[in-house]
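Nothing in this text is a laboratory measurement; each read-out follows from the coordinates by a stated rule. What you see is a predicted model; the values in this text were computed from it and never measured. Glycine gets a Cβ as well: all are built from the backbone with ideal geometry, and neighbour counts include every protein chain shown.
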Amino acid sequence: MTPEVGPLLRCAVDVSAGRATIRASGELDYSSLRLMIVTVTDALASRAGELVLDLTAVTFCSTGSASMLHSVRRQAEAAGSRLIVLPSRHVRHVLELTDLAQNLDLRDQP
């Protein structure tokens, strides 16, 4: 798929071998939430068994965006997909500060 550009976020989707991977880079904040939600919805339409959010190149994550990851987890589960999050150091820090990390499958690699 062609990468999509939001105000400060870039997302690219790759679907192969039962896995949909979204690679995001830039800032994940209120202005980019719509792009991320649309991208996740499109990726889940592939009916992949795993949805990988590669956020290793995300340089900023607001607390609202961190909360959005829980909505994405529920959306993935409803679609029969397992969510795996590859967080950047900053994303992991925000998730841990807000106690949201414990409910997500956070990994250093898929």
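How big is the range 1-79 by the Kirkwood estimate over distinct Cα pairs, in Å? Walk me through the intermediate numbers first.
Numbers: mean 1/r = 0.0806 Å⁻¹.
In the range 1-79 this quantity evaluates to 12.4 Å.
Taking 0.36 nm per residue of separation and subtracting the current Cα-Cα distance, fully stretching the chain between D42 and A57 would add 3.3 nm.
Which of the trypsin sites (Lys or Arg not before Pro) found in the range 17-81 are in a DSSP loop and have at most 16 neighbouring Cβ atoms, other than their own, within 10 Å?
Numbers: sites: R19, R23, R34, R47, R73, R74; in loops: R47.
Passing both the DSSP loop test and the Cβ count: R47.
Using the crude model of +1 on Lys and Arg Cβ and -1 on Asp and Glu Cβ, and no other charge, please compute the dipole size for the chain relative to its Cα centre, in debye to 20.
Details: 11 positive and 12 negative charges, 27 e Å.
Here the size comes out at about 120 debye.
The DSSP beta bridges internal to the chain are antiparallel in roughly 40% of cases.
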